[in-house]
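The numbers here are math on the coordinates, done by the rules we state, and not lab data. Note that this is a predicted model, so its numbers are computed, not measured. FYI the Cβ positions are ideal-geometry reconstructions off the backbone, even for glycines, and counts take in every protein chain you see.
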Amino acid sequence: MPLRLPRFFRKRRAPRRELADFAYLCSGNGGDCTLNHVTALRAGGEAFPAMLEAITRAQRSIELETYILRADRIGQRFQAALCERARAGVAVRVLYDAVGSFTLSAKFVSELAEAGVRVAEFRPIAPWRARWGLNRRDHKKMLILDGGLAFVGGLNIGDEYCALEDGGGGWHDAVARVEGPAVRELAALFAETWRDAGGDEIPALPEAARAAPASGDVAVHVLANSGLVSRPRMRRAYLRAIRRAEKTICIMNAYFIPDRTLRRAFAHAAQRGVSVRVIVPSRSDLHPVYYASRHLYPRLLRSGVRIFEWQGAMMHAKLAVIDGVWSTIGSYNLDRRSFVHNLEVALLMIDRELGQALERHFASDLESCTEISLADFERRPLWQSLLERVWYALRFWL
């Protein structure tokens, strides 16, 4: 059953075509849709300058949440911008994951704190420390400014995500810049995780900010994995949209290990005549996940799914577009770790103009890919096949 209609549709009559678009969303995911302004940013070359500029303009509050925070060149640029705003009286909070940011120096953190930035570490891996943990990680990547502007995607803070021409690693990713009521939901998610990590109580937004009207034309549903009840939501959202697909399914996913139900949904879509295309990395920073993913290639290819391997530097995006109507950008990978263990966040968006723009981005990215054929793949060396089988068998522990 489709998600209940957004408030802005319940208040006015809308064209049948627009109402039908909401059939891609499903009930039981919590929350509601709101109208927002959304811009898709490609990789660090577009996202980092926009994020840094937004930080310099913040007047009231800045909340940065990331899995990886490095003390490298881009990390130091963020540090300088955050410290400058904190010294100017802006409430600045930084939340990073202990495992993802394992190499972060104490000096970097102390410099933030000395400037007035409040810093919290999610689930230290030391059992003698408060709120420690191992398996459940904070994989969200969000930047929230003044309660009205946010950036959400797969982009961590590290030089590997910077463009090659800027001296970075050129990792490919996707980020959504969003303005509107959805930002309040993202801020609430940050506050929940911040408290879980031992952070201070975040003051409520002023009444004027909380009463901000809808902004933009993109219907956005914020989806997060923060507890037992919410863990199945992203998987259900994908299944609903895939089963509703009529023409195209375009997916870019860095760590792609879909379970049997998702694979069947892909296969049934292909049997209906839907073009199902998936972009995955040709090289990965996580070799076990890479080999476990490749173990599924023969099954997916035989079912009609077309697989393309990104030939540039690491492809780290978590993006999908279906029929040019439903789209998502966030931190979720299509694997068990994202669906079950990690804290994740994504924007589910209903808008034809945005969806078609993302389809054009996808088509452009295909030019940097090599398509995998079943005949060629089955001629891979035996040692690769054995590695794929072993790591797939261990996929629940990756």
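Assorted remarks:
- Along the chain, longest interval not containing exposed chymotrypsin sites (Phe, Trp or Tyr not before Pro), exposed being DSSP loop plus at most 14 other Cβ atoms within 10 Å: 133-398
- For segment 233-397, average projected area of the Cα convex hull in nm²: 8.9
- Look at R260, R294, R42 and count the other Cβ atoms within 10 Å of each Cβ; fewest to most, that gives R260, R42, R294.
- Taking Cα centre as origin and charging only the Cβ of basic (Lys, Arg, +1) and acidic (Asp, Glu, -1) residues, the dipole magnitude of segment 321-381 rounds to 260 debye.
- Amide H within-cut-off set for K318, under 5 Å, with H built and near neighbours excluded: G154, A174, G330
- Student exercise, segment 233-397 dipole from Lys, Arg, Asp, Glu Cβ charges, in Debye to nearest 20: 780
- A convex hull fitted around the alpha carbon atoms of segment 36-216 yields 108 Å³ per residue.
- Helix content alone sets the calculated 222 nm mean residue ellipticity of the chain: runs of n ≥ 4 DSSP H residues at -39500 (n - 2.57) each, divided across all residues, give -10000 deg cm²/dmol.
- The alpha-carbon atoms of segment 219-278 define a convex hull whose volume equals 107 cubic angstrom per residue.
- Fully extending the segment from S105 to Q271, taken as 0.36 nm per residue of separation minus the present Cα-Cα distance, adds 54.6 nm.
- Dipole magnitude (debye, nearest 20) for the chain, charges at Cβ of Lys, Arg, Asp, Glu: 1700
- DSSP loop GluC sites (Glu not before Pro) with at most 10 other Cβ within 10 Å excluded, longest remaining stretch of the chain: 1-200
- Principal axis extents of the C-alpha atoms in the chain (largest first, rounded to whole Å): 61, 57, 41.
- Selection from H316, G273, A254 lying farthest towards where the dipole of segment 243-334 points positive, charges on Cβ: G273
- Dipole of segment 25-169, positive end: most advanced residue of G133, V152, A115 [Cβ charges, Cα centre]: G133
- Fluctuation leader among L35, L343, L104 - the chain, Gaussian network, Cα springs under 10 angstrom: L104
- Counted by neighbouring Cβ atoms within 10 Å, the residues D376, D285 run from fewest to most as D376, D285.
- Once the Cα-Cα distance is subtracted from the 0.36 nm per residue extended length, the A113 to L382 segment shows a gain of 91.6 nm.
- Cα-based reach from K247 at 13 Å (exclusive), listing aspartates and glutamates while leaving out same-chain residues under 8 positions away: D323, E359
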